[in-house]
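Laboratory data are not the source of any read-out in this text; all were calculated from the coordinates shown. Since the structure is predicted, the reported quantities are computational estimates derived from the model, not experimental observations. So basically every Cβ, Gly included, is an ideal-geometry build from the backbone, and we count neighbours across all protein chains shown.
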Amino acid sequence: MDVPPRSLRHAGMAVQVWPDAEIACRVAGDLIITSIRAAEAQRRRAVLGLATGSTPERVYAHLVRQYRTGGVSFRNVITYNLDEYYPISPVDPRSYRAYMHRHLFSQVDLEPNRAHVLDGTVPEAFVAGLAAAFDRWIEADGGLDLQLLGIGRNGHIGFNEPSDLTVAEALRLPTRLVELHPTTRADAARDFGGADQVIARALTLGIAPILAARSIVILATGAPKAEAVAAALTGPMTAALPASLLQSVAGKVTWILDEPAASGLNGPWSVVRGDQDRVRGAAH
Ligand code: GLP
């Protein structure tokens, strides 16, 4: 039994704070499993938006463990990933397609043609068409039941980087090709053997399709995320900090944090049971 977290609300968004990253990731994984079961109960496929980066690795480890012990099946699941470097081969170990294959796709019973990752091999002239098609495929599948997000140190979600757009413009951003922000390149340096080696562009699900998901779970662990987390939760909505745009759909957003990532937030804190029920409801 997990230790009950501290909880609070900021700008209408539910915030759960768990003692450590392992538990936070397990909780996020359990919300995904709840979403899969809710769709099964409705005799339809669950549609999941998945994230990469170091943070969700433990979420996928939890899902794989649950799958192996019969706790969940991906037989009736469709997935759409948030982002991918561009250009990159899917067999390049640094690609997000390869990441997903390692951490989840090759480990569970998900059908290969239901596991969608933006394709880093598409010729540049066709990238806009691919991006628009990706948004259409999600809609054709009935929309995302749950979007899992991480957050960059600069407040990015997916690869939607800080910009000087107006809030109204940022909220309309579709899936597209983007330039990576210097902070993002610095953070990806460990995977690429130096910031100057990081692939400079990426494909990302846009702000609009992210916010269209029926529920959004944003997971942040570790002290380096504390500043961006506090600004996104307690600051104004601004395109300069894309995670703050989640405030525009506050009622369907749940932040899952460990103590270090929550260290920039102030109470008052309360027990979270009602919020967990709310998330469960949103996943139905
Ligand atoms: C990466 C990904 C994001 C991710 C974020 C944080 O660049 N594009 O989707 O949420 O940055 O990554 P990490 O979890 O490794 O800190």
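Summary table below
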read-out: Percent antiparallel among DSSP beta bridges (both partners in the chain, rounded to 5); value: 40 percent
read-out: Residue among 50, 104, 203 with the largest mean-square fluctuation in a Gaussian network model of the chain, springs linking Cα atoms under 10 Å; value: 104
read-out: DSSP-loop trypsin sites (Lys or Arg not before Pro) across the stretch 119-215, with at most 14 other Cβ within 10 angstrom; value: 172
read-out: The chain, helix-only ellipticity at 222 nm - DSSP H runs n ≥ 4, -39,500 (n - 2.57), divided by all residues, nearest 500; value: -10000 deg cm²/dmol
read-out: Computed FRET value (nearest 0.05) for residue 121 with residue 195, which takes r as the C-beta separation and R₀ as 30 Å; value: 0.80
read-out: Cα gyration tensor, the chain - rounded (a/c under 1.5), prolate or oblate; value: rounded
